[in-house]
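*Asks:* Can you keep this structure in mind? I'll have questions shortly.
FYI, it's all coordinate maths here, none of it is from the lab. Worth saying up front: this structure is predicted, and the values here are computed from it rather than measured. Methodologically, a virtual Cβ is constructed for each residue, glycine included, from the backbone with ideal geometry; neighbour enumeration extends over all protein chains shown.
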Amino acid sequence: MGRTYIVEETVGQYLSNINLQGKAFVSGLLIGQCSSQKDYVILATRTPPKKEQSENFKHPKAKLDNLDEEWATEHAYQVSRMLPGGLLVLGVFIITTLELANDFQNALRRLMFAVEKSINRKRLWNFTEEEVSERVTLHICASTKKIFCRTYDIHDPKSSARPADWKYQSGLSSSWLSLECTVHINIHIPLSATSVSYTLEKNTKNGLTRWAKEIENGVYLINGQVKDEDCDLLEGQKKSSRGNTQATSHSFDVRVLTQLLLNSDHRSTATVQICSGSVNLKGAVKCRAYIHSSKPKVKDAVQAVKRDILNTVADRCEILFEDLLLNEIPEKKDSEKEFHILPHRVFIPLPGSTVMLCDYKFDDEPAEEIRDHFMEMLDHAIQIEDLKIAEEINTACMSSSMNSQASLDNTDDEQPKQPIKTTMLLKIQQNIGVIAAFTVAVLAAGISFHYFSD
């Protein structure tokens with residue numbers, strides 16, 4: 001028996017209202033959450049058309065082979081940045097004319113695998129073996145309204161289609177649970193002088209990969225308690241007269257403890273690395289994750305929080321690098337330091353749901369641009385007053401230094417003139433020198449942890 005997809009009724013209304021307007025087809029993304037028993041679809045969004053494609057695809061005999069996979073996958077990648085922890089692009093949909101009703105399967109299959117590859121290409125985490133590896137493709141005939149729902153195993157490029165159930169439900173995510181935490185980070189990333197072919201972005205990605213292991217191996221307190229990962233997240237909550245568990249609050253506070261000292265059985269090493277500079281990431285980030293309210297497990301909630309932490313830090317760095325390239329900001333001299341404020345996270349409520357989607361905003365970027373970007377990417381209108389900026393806005397500050405030495409001890413001494421309290425800060429230090437990074441094993445009976453969250 002195939003998988004079951006429980007779908008928010010508003011998604012069905014959205015798909016029904018899509019007008020081909022003379023085009024042969026319209027494609028888009030399905031967004032939601034996987035679980036071991038069934039999957040939940042809470043949002044659908046069409047792929048925005050390219051201006052130059054608007055006329056080309058109006059011919060009723062246009063083939064699905066003309067589907068622009070590069071454009072569709074880039075849209076999927078941009079949308080994946082706007083999803084908090086717990087939400088994924090679950091698959092793709094396509095609405096076609098009657099003439100193309102039998103010509104959709106190969107195109108949908110290619111698109112689904114291309115979308116998954118695009119989204120995964122820069123993640124700091126990997127799916128576990130226990131997780132659901134099926135992704136959905138939905139084909140709707142615009143004339144007959146007939147629906148074909150199939151799934152493919154993303155781990156097997158040669159997998160065959162399997163039928164799946166597509167069922168609508170109202171208020172699907174109106175009682176979903178949210179998990180919130182503030183993570184303080186201070187990441188030092190040396191830029192290797194020996195790997196001259198590595199870009200700043202690639203060096204930063206390598207540094208974040210090392211930091212990601214700390215997040216993965218951390219201890220997560222939920223409302224101040226360490227819970228067994230196989231326990232029900234709602235265990236201990238009050239029950240109604242009907243015997244159903246009722247959450248006293250839709251929100252859980254999460255704190256992250258990261259390991260500070262190593263166990264005695266860990267072997268220590270010292271690495272000397274010749275560097276052309278360094279990157280420092282410092283500040284606080286607001287993280288949110290969401291999980292369904294149907295017997296959710298602690299391990300699924302913690303996993304969603306972990307991935308949101310990793311995603312939001314990596315996404316902000318990448319957005320900043322894109323902005324620097326786009327605006328062609330000149331590099332400073334070797335002895336100078338550059339300070340850049342990473343984009344702030346903005347949360348946007350999803351109507352009829354406890355879930356909030358997100359986007360990123362530079363402090364000099366008007367709110368209207370965020371509203372327009374949200375409309376373009378997710379095809380849903382929002383009000384500016386609904387935008388909730390998660391972190392305090394601070395003015396970007398550039399700083400320079402004539403120091404000729406770079407070390408792990410003094411890279412944080414110089415700070416921007418304006419204090420950064422809840423803003424992510426990236427500091428690029430262009431000093432040339434040798435950085436010695438020592439990891440020392442400490443003999444101790446227990447493990448010390450460092451609070452990574454207030």
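*Asks:* Net charge within 15 Å of Gly2 by Cβ-Cβ distance, Lys/Arg positive one each and Asp/Glu negative one each, not counting Gly2 itself? Working shown, then result.
*Replies:* Values: positive: Arg3, Lys38, Arg135, Arg150, Arg162, Lys167; negative: Asp39, Glu134, Asp153, Asp165.
Computed value for this residue: +2.
*Asks:* Go through segment 358-366 residue by residue and turn each phi into a ³J(HN,Hα) via Karplus (6.51, -1.76, 1.60, θ = phi - 60°); whole Hz please, and just put x for glycine and proline.
*Replies:* Coupling constants for segment 358-366: 9, 8, 10, 9, 6, 5, 9, 9, x Hz.
*Asks:* Cα-Cα over 30 Å: which of Lys117/Lys299; Lys23/Lys361; Lys38/Lys146; Lys23/Lys388? Intermediate values should be presented prior to the final figure.
*Replies:* Details: Lys117/Lys299 25 Å; Lys23/Lys361 34 Å; Lys38/Lys146 22 Å; Lys23/Lys388 37 Å.
Lys23/Lys361; Lys23/Lys388, as the Cα separations exceed 30 Å there.
*Asks:* What are the ³J(HN,Hα) values, in whole Hz, obtained from phi via the Karplus relation 6.51 cos²θ - 1.76 cosθ + 1.60 with θ = phi - 60°, for each residue of segment 128-142 in sequence order, with x given for Gly and Pro?
*Replies:* 8, 5, 7, 6, 5, 10, 8, 10, 9, 10, 10, 10, 10, 7, 5
*Asks:* Can I ask one more? Please give the length that would be gained between Asn223 and His380 if that part of the chain were fully extended, namely 0.36 nm times their separation in residues minus their C-alpha to C-alpha distance (nm, one decimal). Spell out each step's value before the answer.
*Replies:* On the way: separation 157, 0.36 × 157 = 56.52 nm, distance 3.36 nm.
Length difference between fully extended and current span is 53.2 nm.
*Asks:* Order the peptides 24-34, 207-217, 312-322 from the highest to the lowest mean number of other Cβ atoms within 10 Å of their residues. Present the calculation step by step, with values, prior to reporting the outcome.
*Replies:* Values: 24-34: 23.5, 207-217: 16.2, 312-322: 19.5.
Answer by packing, highest mean first, reads 24-34, 312-322, 207-217.
*Asks:* Which whole-Hz ³J(HN,Hα) couplings does segment 279-289 yield from phi under the Karplus relation 6.51 cos²θ - 1.76 cosθ + 1.60, θ = phi - 60°, glycine and proline marked x?
*Replies:* 10, 10, 10, 9, x, 10, 10, 8, 10, 9, 9
*Asks:* Just the ratio, please: alpha-carbon radius of gyration of segment 125-191 over 2.2 N^0.38 Å, N its number of residues. All intermediate terms of the calculation are to be shown ahead of the outcome.
*Replies:* Numbers: Rg = 19.5 Å, N = 67, 2.2 N^0.38 = 10.9 Å.
Expressed relative to 2.2 N^0.38 Å, the Cα Rg reads 1.80.
*Asks:* How long is the gain from Lys51 to Lys388 if the chain were fully straight, where each residue apart is worth 0.36 nm and the alpha carbon distance is subtracted? Before the final figure, lay out each step's value.
*Replies:* Values: separation 337, 0.36 × 337 = 121.32 nm, distance 3.13 nm.
Extending this stretch completely gives an extra 118.2 nm.
*Asks:* Further, regarding this structure: Within 10 Å, Cβ to Cβ, of Asn223, how many net charges do the neighbouring residues add up to if Lys/Arg are +1 and Asp/Glu are -1? Can you show the working numbers first?
*Replies:* On the way: positive: Lys227, Arg255; negative: Asp253.
Around Asn223, the surrounding residues sum to +1.
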